[in-house]
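Student: Encoded as structure tokens, here's the structure I'll be asking about.
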């Protein structure tokens, strides 16, 4: 029984390391879906499906704006915007007639899991299989 537990623990540890190793370090510009940090935390079970389903109405809610915006990559890496980046994203949203699924290209200086946004551009969302 002890041996089974050790094997199970080794397998789980190996999976955790493999999952971390699969994530590629992000480089500017980043392409992904515009999300807010409140929804990223509260709707975590949706994973990458949150991006295409995330609505303009939700993104403009005061609590969502206050939490700050981020870009979510197709492999579920989240890069939080600085305050200026959130402001740029809000202006972009106001100009857009789109209702949901904001696929963006974000340029700026990346520091860990945050980006100091210099430019954000709305793009046509790619088709994923």
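Student: Return yes or no: is residue 95 without any contact (Cβ under 8 Å) to a residue 24 or more places away in the chain, under 12 Å from the mean Cα position of the chain (by Cα), exposed (fewer than 15 other Cβ atoms within 10 Å of the Cβ) and farther than 14 Å from residue 30 by Cβ?
Tutor: No: the conditions fail for residue 95.
Student: Also: Considering segment 67-88 alone, what residues qualify as being in contact with a helix residue (DSSP H, G or I) (Cβ under 8 Å, 6 or more places away or on another chain) and either without any contact (Cβ under 8 Å) to a residue 40 or more places away in the chain or buried (at least 19 other Cβ atoms within 10 Å of the Cβ) (or both)?
Tutor: 67, 68, 69, 70, 72, 76, 80, 81, 86
Student: In contact (Cβ under 8 Å) with a residue 40 or more places away in the chain and part of a loop (DSSP other than H, G, I, E, B) - does that describe any residue in segment 116-123?
Tutor: Yes.
Student: So in segment 54-66, with the set limited to residues that are outside any helix (DSSP H, G or I) and under 16 Å from the mean Cα position of the chain (by Cα), which one is surrounded by the most Cβ atoms within 10 Å (Cβ to Cβ)?
Tutor: The extreme case among them is 54.
Student: Residues being closer than 16 Å to residue 33 by Cβ and crowded, with 16+ Cβ neighbours inside 10 Å: count how many of those fall in segment 108-124.
Tutor: Total satisfying the criteria: 4.
Student: Okay, next question. Check whether at least one residue in segment 77-86 is assigned to a loop (DSSP other than H, G, I, E, B), over 17 Å from residue 40 (Cβ atoms) and in contact with a strand residue (DSSP E or B) (Cβ under 9 Å, 6 or more places away or on another chain), and report yes or no.
Tutor: no
Readers should treat all values here as calculations from the given coordinates under stated rules, not as data from a laboratory. As the structure is a prediction and not an experimental result, all values here were calculated from the model. Because the Cβ atoms are built from the backbone with ideal geometry, glycine has one as well, and the counts that use them run over all protein chains shown.
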